[in-house]
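> The structure that follows is given in the form of structure tokens.
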Amino acid sequence: MKRDNSALSTLNSELAKPQAKSLHSELAKRILCLDGAMGTMIPKGKGLGDLLCLTCPDLIRDIHEQYLEAGADLITTDTFNAQRISLADYNAQLLVREVNLAAVRLAREAADKYSTPEKPRFVLGSVGPTNKSCSISPDVNNPALRAITFDELMEAYTEQMTALIEGGVDALLMETIFDTLNAKAGIYAAEEAMRKVGKRVPLMLSMTISDKSGRILTGQTIEAFLISIAHAPILSIGFNCSFGARDMLPNLRALAQRAPYYISAYPNAGLPNGMGEYEQTPEMMAEEMKPFVEEGLVNIIGGCCGTTPEHIRELAKMLANSQCKVQSEKCKVQSEKFRVQSSKFKLRTQHSELRTGKACTQHSELRTGFAPSEVLALSTGKARTQHSELRTGFAPSEVLALSTGKARTALPKRFGAHGTDARGGIRECGRTMQRGWQ
Ligand SMILES: [Zn+2]
């Protein structure tokens with residue numbers, strides 16, 4: 001077979017760029033600082049922030065520069081809502097490519113301007129969860145209804161991510177993940193987009209926890225989420241938004257113990273007051289985030305809702321003090337440990353799939369919308385043996401909703417086709433499902 005030298009030379013020239021390798025190498029060296037919120041910085045009444053990349057580029061460039069000046073190593077593009085599903089609300093769904101390319105150009109120029117050999121700056125392509133869920137019905141009277149299918153979402157993400165990668169981001173950051181199936185559509189799309197453009201970039205994930213029991217909105221625990229995405233090549237995983245730093249800490253400990261990836265955390269500036277405003281000062285926030293660093297839990301920290309360049313300046317200051325540097329060494333050791341654990345983790349996942357083979361033939365995936373290993377993860381809590389809600393992490397009505405969806409007929413194909421190839425049991429289950437529905 002003839003070797004495709006063109007692809008190889010593209011890859012080599014990519015790797016020759018100083019930025020390409022150094023996001024990994026910087027993460028191995030020290031804790032990196034991510035920027036803060038974009039929304040806080042945009043004057044009210046300006047409309048959808050993402051479109052400002054086209055209509056007010058100077059404003060967006062200035063926000064990026066303020067965060068870089070404050071000490072951010074990583075800045076995120078102003079593209080949280082820049083896929084056709086969210087843009088359709090503004091009748092701007094045809095502008096996906098333009099918005100994303102413009103957003104990357106603004107962030108790239110700013111990052112390159114502030115980059116030095118000692119402190120390189122990186123651009124992360126922000127990808128939000130969209131305003132629709134693959135797993136939850138938007139209508140309480142029709143639990144089987146879905147506002148969007150996996151394929152529709154995957155195609156929308158592919159379009160956005162293709163533009164982000166072509167524009168020149170250093171990594172993709174899927175943030176504010178509240179629905180695992182949405183995230184899986186994004187992971188699938190990221191692979192598609194990289195294949196299309198012919199360039200690989202690291203993929204970073206950030207969940208948002210929606211209650212104090214440590215679950216995302218669709219009911220999955222941190223462990224279940226980790227198993228759900230174990231098939232994907234991921235650079236980092238973490239939390240954003242959710243609550244303030246103090247309430248994020250226990251979840252962060254749980255994640256750092258289990259996840260074989262670099263860990264990120266960028267909480268809101270405390271909890272919002274009655275008016276929905278965030279009142280935590282930069283000093284208060286940095287104080288609450290100190291344990292993240294001191295316990296060696298994180299590799300990336302930053303801010304979400306309510307944070308400003310002053311908050312980021314305070315965090316960068318905290319990372320610069322010598323005590324933190326020692327912790328960052330500890331973190332490096334941790335991350336080595338994670339890599340070793342990673343292989344064990346994958347082995348465990350396979351074991352659990354083998355163990356639940358029976359459940360699989362009884363359509364457990366069909367019933368809950370989750371792969372057997374995910375159901376197992378949801379079911380292993382000691383306290384959860386009696387009821388279906390406790391077993392699956394879903395209320396009975398939700399299990400019903402997940403199990404009765406006519407709209408889900410498009411899913412089995414996708415479930416079988418991606419991420420689960422190595423898992424014979426699940427593939428078999430997918431076939432059973434397809435037969436069942438034909
Ligand atoms: Zn937030």
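Please treat every number below as a calculation from the coordinates, not as lab data. Everything numeric here is computed off the predicted structure, so don't read it as measured data. Cβ coordinates were reconstructed from backbone atoms using ideal geometry, including for glycine residues, and neighbour counts include every protein chain displayed.
> What does the highest-first list of 131-143, 91-103 look like by mean Cβ count within 10 Å? Don't skip to the answer; put the middle values down first.
Details: 131-143: 15.7, 91-103: 19.5.
By packing density, highest mean first, the sequence is 91-103, 131-143.
> Here's another thing I want to ask about it. Mind jotting down the distance between the C-alpha centroids of segment 118-191 and segment 39-115, whole Å?
17
> Could I ask something else about it? Please work out how much length the chain gains when fully extended from residue 46 to residue 294, using 0.36 nm per residue of separation minus the C-alpha to C-alpha distance, in nm with one decimal.
On the way: separation 248, 0.36 × 248 = 89.28 nm, distance 3.97 nm.
Extending this stretch completely gives an extra 85.3 nm.
> Further, regarding this structure: As a test, work out the antiparallel percent of DSSP beta bridges whose residues both lie in segment 183-334, rounded to the nearest 5. Intermediate results must be reported in sequence, preceding the final value.
Working: 2 of 14 bridges.
Counting only bridges with both partners in segment 183-334, antiparallel ones make up about 15 percent.
> Now for a different question. Only counting other Cβ atoms within 10 Å, I'd like 112, 35, 58 sorted with the fewest neighbours first. Could the numbers behind the result be given before it?
Details: 112 13, 35 28, 58 9.
Ascending number of Cβ neighbours within 10 Å: 58, 112, 35.
> Under the rule of at least 5 residues apart or a separate chain, name every residue whose amide H is placed under 5 Å from the amide H of residue 71.
Result for residue 71 returns nothing.
> Another question about this same structure. Are any of the pairs 119/196; 29/290; 113/199; 46/132; 29/199; 46/317 more than 29 Å apart by Cα-Cα distance, and if so, which? Working shown, then result.
Details: 119/196 31 Å; 29/290 19 Å; 113/199 24 Å; 46/132 23 Å; 29/199 25 Å; 46/317 32 Å.
As for pairs spanning more than 29 Å Cα to Cα, those are 119/196; 46/317.
> Please list, in order along segment 112-120, the HN-Hα scalar couplings obtained from phi with the Karplus expression 6.51 cos²θ - 1.76 cosθ + 1.60 (θ = phi - 60°), rounded to whole Hz, x for Gly and Pro.
Each residue of segment 112-120 in turn: 5, 5, 8, 5, 10, x, 7, 9, x Hz.
> May I pose another question? Considering only DSSP beta bridges where both residues belong to segment 82-236, give the percentage that are antiparallel (nearest 5). It would help to have the intermediate numbers written out before the result.
On the way: 1 of 10 bridges.
Rounded to the nearest five, the antiparallel share is 10 percent.
> Compute the length gained on full extension between residue 91 and residue 109: take 0.36 nm times their separation in residues and subtract their Cα-Cα distance, giving the result in nm to one decimal. It would help to have the intermediate numbers written out before the result.
On the way: separation 18, 0.36 × 18 = 6.48 nm, distance 2.85 nm.
Gain on extension, residue 91 to residue 109, equals 3.6 nm.
> What is the ratio of the Cα radius of gyration of segment 121-169 to 2.2 N^0.38 Å, where N is its residue count, to two decimals? Present the calculation step by step, with values, prior to reporting the outcome.
On the way: Rg = 14.5 Å, N = 49, 2.2 N^0.38 = 9.7 Å.
Compared with the compact-globule rule of thumb, segment 121-169 sits at 1.50.
> So, one more: What Kirkwood hydrodynamic radius do you get for segment 17-339 when you take the inverse of the mean 1/r over all pairs of distinct Cα atoms, in Å?
Mean inverse Cα-Cα distance, inverted, gives 19.6 Å.
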